[in-house]
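Chemist: To start, I am sharing the structure in question, which I have written as structure tokens.
Throughout, read-outs are computed from the coordinates displayed, never taken from laboratory work. Not measured: the values here are computed from a predicted model. Note that we place each Cβ from the backbone using ideal geometry, even for glycine, and neighbour counts take in every protein chain shown.
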Amino acid sequence: MRFDEQLESFKQDGTLSSEQAESLRNATRFPINSTEVVSILGGFFVILGAFWFLSPLLSNISQLLLAITLYLISGLLTLATRSLIRKVQFKNAAEVVEVLAVTSFAIATGVVMSQTSATSELSTFVASISALVYGFLISRKRKFSGSFLLSASAMIMTISGLAVLDAVGNLAGFCLVAVGAGLLWFARKTNVSGKFTLRFFATCIVVVGLIFPLPDFGLDIIGAIISMLFAVALFIYGIKTLFTEVVVISGVGLVVAQIKLVTTITDNSGVQGLATLLTGGVIVLFSLRKLRADRNKTLS
């Protein structure tokens with residue numbers, strides 16, 4: 001008698017219920033269920049992908065040893081960070097060691113990526129992602145390392161990402177200004193620990209973005225005017241919020257943007273010098289206002 005017929009007879013005489021008979025019929029069709037099949041297939045692809053990805057390293061033992069060494073250094077520095085962070089007197093040193101640990105890990109990742117026929121720009125982009133994620137995760141706990149890693153990796157990832165897309169021209173400056181503005185916004189959150197450090201590096205990123213050429217829409221003066229508007233907005237933000245680090249660095253950015261604008265308009269050195277002098281005077285006046293506001297705040 002066939003198996004299906006036997007199950008049907010057991011169901012008819014009440015030996016098995018309909019559900020039990022159906023379970024036995026399905027159990028004999030395949031030794032494992034669909035979830036296990038998918039898991040095995042996924043694991044196979046993971047193993048195949050890892051071998052495919054890492055096989056170029058096997059052809060270059062020196063690069064493989066370099067990556068392994070950097071990963072080991074990163075692990076040892078991480079252990080040192082965890083030991084030092086527990087002692088208050090070594091907390092600042094611990095954050096410096098933590099930066100070195102993440103940097104070693106990122107470089108090792110870049111070395112691995114570079115051996116997979118990836119371009120140097122793509123390797124840098126992928127390596128900076130790990131530092132960016134780590135910096136974001138510890139930004140609530142560390143005053144220096146989290147803010148430094150977050151801002152530095154954000155700038156590196158932006159530049160390398162644009163290089164991968166072959167869009168380093170006018171778009172680069174705009175993207176860096178946007179990244180710096182985003183970090184300034186993030187620094188205002190109450191759960192961010194290293195606000196000063198993050199604001200400092202974020203403002204620097206904006207100024208670097210102003211140095212890069214901004215979109216000019218066919219006319220050089222338009223890009224210079226956009227740079228000037230961004231610089232003025234950043235300087236006003238620093239004065240309004242009374243952040244000394246933002247005021248000082250944005251003042252430098254304002255001078256840079258002013259020089260770009262004036263040199264675009266005229267070649268007259270006298271006019272250029274006068275415009276720079278007036279810009280410096282404006283910065284000094286507003287800086288004195290900032291200092292006076294700080295003193296009044298302290299006295300009150």
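Chemist: ASN268 to ARG188: FRET efficiency via 1/(1 + (r/R0)^6), r the Cβ-Cβ distance, R0 30 Å, to the nearest 0.05?
Modeler: Given R0 = 30 Å and the Cβ-Cβ separation, E is 0.10.
Chemist: Then there is this: With the crude spin-label approximation of a point 7 Å out along Cα→Cβ, what separation in nm comes out for VAL96 versus ILE68?
Modeler: So the two model labels end up 3.2 nm from each other.
Chemist: Using alpha carbon centroids, what distance separates region 124-147 and region 226-273, in Å?
Modeler: Region 124-147 and region 226-273 have Cα centres separated by 30 Å.
Chemist: What are the ³J(HN,Hα) couplings of region 71-87, residue after residue, when phi is run through the Karplus curve with 6.51, -1.76, 1.60 and θ = phi - 60°? Round to Hz, x for glycine and proline.
Modeler: 5, 5, 4, 4, x, 5, 5, 5, 4, 5, 4, 5, 6, 6, 5, 6, 9
Chemist: Compute the Cα gyration tensor for region 123-216, then decide on rounded, prolate or oblate, letting a ≥ b ≥ c be the square roots of its eigenvalues: rounded whenever a/c is under 1.5, prolate when a/b is larger than b/c in the other cases, and oblate in all that remain.
Modeler: oblate
Chemist: Determine, for each peptide in 239-249, 83-93, the mean count of other beta carbons within 10 angstrom over its residues, then list the peptides with the highest first.
Modeler: So the order, starting with the most tightly packed, is 239-249, 83-93.
Chemist: Same structure again: Just how many pairs of Lys in region 136-277 have C-alpha atoms closer than 29 Å, counting pairs that are eight or more places apart or on different chains?
Modeler: Close lysine pairs under the 29 Å cut-off: 9.
Chemist: How fast does region 72-155 diffuse by Stokes-Einstein, in µm²/s, taking the Kirkwood radius from C-alpha pairs at 4 °C and 1.567 mPa s?
Modeler: Rounded to a whole number, D works out at 99 µm²/s.
Chemist: Report the full-extension gain for the segment LEU76 to ILE236: residue separation times 0.36 nm, less the Cα-Cα distance, to one decimal in nm.
Modeler: Residue separation times 0.36 nm, minus the Cα-Cα distance, leaves 53.1 nm.
Chemist: Additional query: Along the charge dipole of region 123-270, pointing to its positive end and built from +1/-1 on Cβ of Lys, Arg, Asp and Glu, which listed residue (ILE211, VAL126, ALA257) has its Cα farthest out?
Modeler: So the residue furthest toward the plus end is VAL126.
Chemist: Just check region 139-283 against the gyration tensor rule for me: Cα atoms, a ≥ b ≥ c as the square roots of the eigenvalues, rounded for a/c under 1.5, and otherwise prolate or oblate depending on whether a/b exceeds b/c.
Modeler: oblate
Chemist: Next question, about the same structure. Under a point-charge model restricted to the Cβ atoms of Lys and Arg (+1) and Asp and Glu (-1), what is the dipole moment magnitude of region 126-270 relative to its Cα centre, in debye to the nearest 20?
Modeler: 980 debye
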